[in-house]
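*Asks:* Below is a structure I'd like to ask you about.
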Amino acid sequence: MWKTVRAILVAVCMGLPVTYCDLKCYSCLMAKDDLDRWCLTNPTEALTVNCPYNYCSIIRHELADKNGTLFSFFRGCSSGGENEVFESDGFKVYIRLCSSNLCNDWDGIVEDSSLRDGVSEEHDVLP
């Protein structure tokens, strides 16, 4: 019985927009003056939210200096965009998007979370 119900739910969710079958994302914000850096270093301590959009996201702002000083760090969800790195107004900005549950669990510097620490992991990171 439960296998049939589960199969029906999976089939229904695959055919519906993500708002009906929410994507789960880590959500937190860290500013440059925060002494506790848990949002950056330990995403599993962040809130887990049901994202009404298609992507989990990381947005990382660093000062565009030789040290790359972290200015702010955000984990959350997004309706779209592209993975990119750009410089603007004295900041280096990293935007990272992925589309599987709790995939926004890395530091956002490398484009693909599966590349961190040289270990391959299963994450659906957008090109």
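*Asks:* Which residues, counting only those in the range 54-78, are more than 12 Å from the chain's Cα centre (by Cα) and either at negative phi or not in a loop (DSSP other than H, G, I, E, B) (or both)?
*Replies:* Listed by number, the residues that qualify are His61, Glu62, Leu63, Ala64, Asp65, Lys66, Asn67, Thr69, Leu70, Phe71, Ser72.
*Asks:* Residue by residue through the range 81-99, note down the ones that are under 21 Å from Thr48 (Cβ atoms) and out of contact with any Lys or Arg (no Cβ under 9 Å at 6 or more places or on another chain).
*Replies:* The answer is Leu97, Cys98, Ser99.
*Asks:* Please work out which one of (1) out of contact with any helix residue (DSSP H, G or I) (no Cβ under 8 Å at 6 or more places or on another chain); (2) surrounded by 12 or more Cβ atoms within 10 Å (Cβ to Cβ); (3) modelled with pLDDT under 95 is the condition Cys25 fails and give its number.
*Replies:* So the condition that Cys25 fails would be (3).
*Asks:* Kindly provide the set of residues from the range 40-51 that are more than 12 Å from the chain's Cα centre (by Cα) and either crowded, with 17+ Cβ neighbours inside 10 Å or in a strand (DSSP E or B) (or both), ordered by number.
*Replies:* Listed by number, the residues that qualify are Leu47, Asn50.
*Asks:* For the range 91-108, what are the residues that are among the polar types (S, T, N, Q) and either touching a His at 6+ places or on another chain (Cβ under 8 Å) or more than 15 Å from Ala46 (Cα to Cα) (or both)?
*Replies:* Ser99, Ser100
*Asks:* When you look at Asn54, is it of a type in the set (S, T, N, Q), surrounded by fewer than 17 Cβ atoms within 10 Å (Cβ to Cβ) and at pLDDT 95 or above, yes or no?
*Replies:* For Asn54, the condition - of a type in the set (S, T, N, Q), surrounded by fewer than 17 Cβ atoms within 10 Å (Cβ to Cβ) and at pLDDT 95 or above - is not met.
*Asks:* Continuing with this model, one more query. For the range 46-93, which residues satisfy the criterion of being under 13 Å from Lys32 (Cβ atoms), touching a Phe, Trp or Tyr at 6+ places or on another chain (Cβ under 7 Å) and not acidic (Asp, Glu)?
*Replies:* If the condition is that a residue be under 13 Å from Lys32 (Cβ atoms), touching a Phe, Trp or Tyr at 6+ places or on another chain (Cβ under 7 Å) and not acidic (Asp, Glu), then Arg60, His61, Leu63, Phe71, Phe91 are the ones that fit.
The values are calculated or read from the model by the stated rules, or taken from the named source; none is laboratory data. Note that the structure is a prediction, hence the values are computed from the model and not measured. Quick reminder, even Gly has a Cβ in these numbers, built from the backbone with ideal geometry, and neighbours come from all protein chains shown.
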